[in-house]
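Student: Pasting a structure below so you can have a look.
The values are calculated or read from the model by the stated rules, or taken from the named source; none is laboratory data. Given the structure is predicted, the values throughout are model-derived calculations rather than measurements. Every residue, glycine as well, gets a Cβ built from its backbone with ideal geometry; the counts of neighbours run over all protein chains shown. Remember, those area values only see protein heavy atoms, side chains included, never the ligands or the DNA or RNA. Shrake-Rupley method; radii C 1.70, N 1.55, O 1.52, S 1.80 Å.
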Amino acid sequence: MIAAAPAWPVIETERLRLVSPASPDFDAVAAYLMPGARRFVDQHPDEEAAWWSIATIIGHWHLRGYGHFAVTERASGLDVGLVGPWFPHGWPEPELSWQLLDGAEGKGYATEAARGVLDWLFQDKGWASCISLVDPENDRSVAMVKRLGARSEGMFHHRMAGEMRIWRHVPRTVAGRKLLEGLQ
């Protein structure tokens, strides 16, 4: 018996193309694991740990039907990071998160990709909201969630990840604005 492969979504923004790293059309090994591949910001130097991280990200797509997208520049094809929904065991609810590769930060890629993913989640997947968990000391990520229009709604403690602030994302609609107003 031959089963049909799942259709993996593709999101395109002005400068970026986002694809599932679980898609057979994406070479995650070449993008993230080959010698000389750019590393994620704050990535542990252990090659085995990097392999497990990428395998977990790909497996998340199979377990949840969504996950981090591999983000590439449309013009150059250069990989710039991973952005997408993430809901591992122990998380309070699905989270929008991001990890950029070294050299890709400070160019607006994470914000642009996150907006594309939020549109996909709210319009195509029908989500009413999602969160981002951000270290309160990470000024760049705090500024980014504010640019995305998220609102702070408290703290979350995870035994391995530590203390993080919960930021709520809702659709950019009248109903979304009313939901945020009710959270404040």
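Student: Give me the distance in nm between label points sitting 7 Å out from Cα along the Cα-to-Cβ direction at A128 and A75, one decimal.
Tutor: Going from the A128 label point to the A75 one covers 4.2 nm.
Student: Another question, if that's okay. Using the Karplus curve 6.51 cos²θ - 1.76 cosθ + 1.60 with θ = phi - 60°, work out ³J(HN,Hα) for each residue of the range 49-58 in order, rounded to whole Hz, and write x for Gly and Pro.
Tutor: Values per residue, Gly and Pro as x: 5, 4, 4, 4, 4, 5, 4, 5, 5, 5 Hz.
Student: Same structure, new question: Could you compute the FRET efficiency for K146 and E93, with r as their C-beta to C-beta distance and R0 at 22 Å, rounded to 0.05?
Tutor: Approximately 0.65, to the nearest 0.05.
Student: Dipole of the chain, Cα-centred, from +1 at each Lys and Arg C-beta and -1 at each Asp and Glu C-beta, to the nearest 20 debye?
Tutor: 720
Student: Over its Cα atoms, what ratio of radius of gyration to 2.2 N^0.38 Å does the range 1-130 give?
Tutor: Expressed relative to 2.2 N^0.38 Å, the Cα Rg reads 1.03.
Student: Next up: Where does helix 174-183 land angle-wise versus the long Cα axis of the chain, in degrees 0 to 90, nearest 10?
Tutor: 70
Student: How far apart, in nm, are the 7 Å Cα→Cβ label points at E48 and D102?
Tutor: 2.2
Student: Something else: Using a probe radius of 1.4 Å on heavy atoms only, what accessible surface per residue do you get for the chain? Whole Å² is fine.
Tutor: 56
Student: For every helix of n ≥ 4 consecutive DSSP H residues, a contribution of -39,500 (n - 2.57) applies; sum these over the chain, divide by its total residues, and give [θ] at 222 nm rounded to the nearest 500 deg cm²/dmol.
Tutor: Computed ellipticity for the chain at 222 nm equals -8000 deg cm²/dmol.
Student: Continuing with this model, one more query. Considering only the other residues whose Cβ falls under 10 Å of the Cβ of E73, what net charge follows from Lys and Arg at +1 and Asp and Glu at -1?
Tutor: Working: positive: R15, R17, R74, K107; negative: D79.
That works out to +3.
Student: Starting from the residue with the highest accessible area, list W51, W8 in decreasing order, probe 1.4 Å.
Tutor: The residues order as W51, W8, largest area first.
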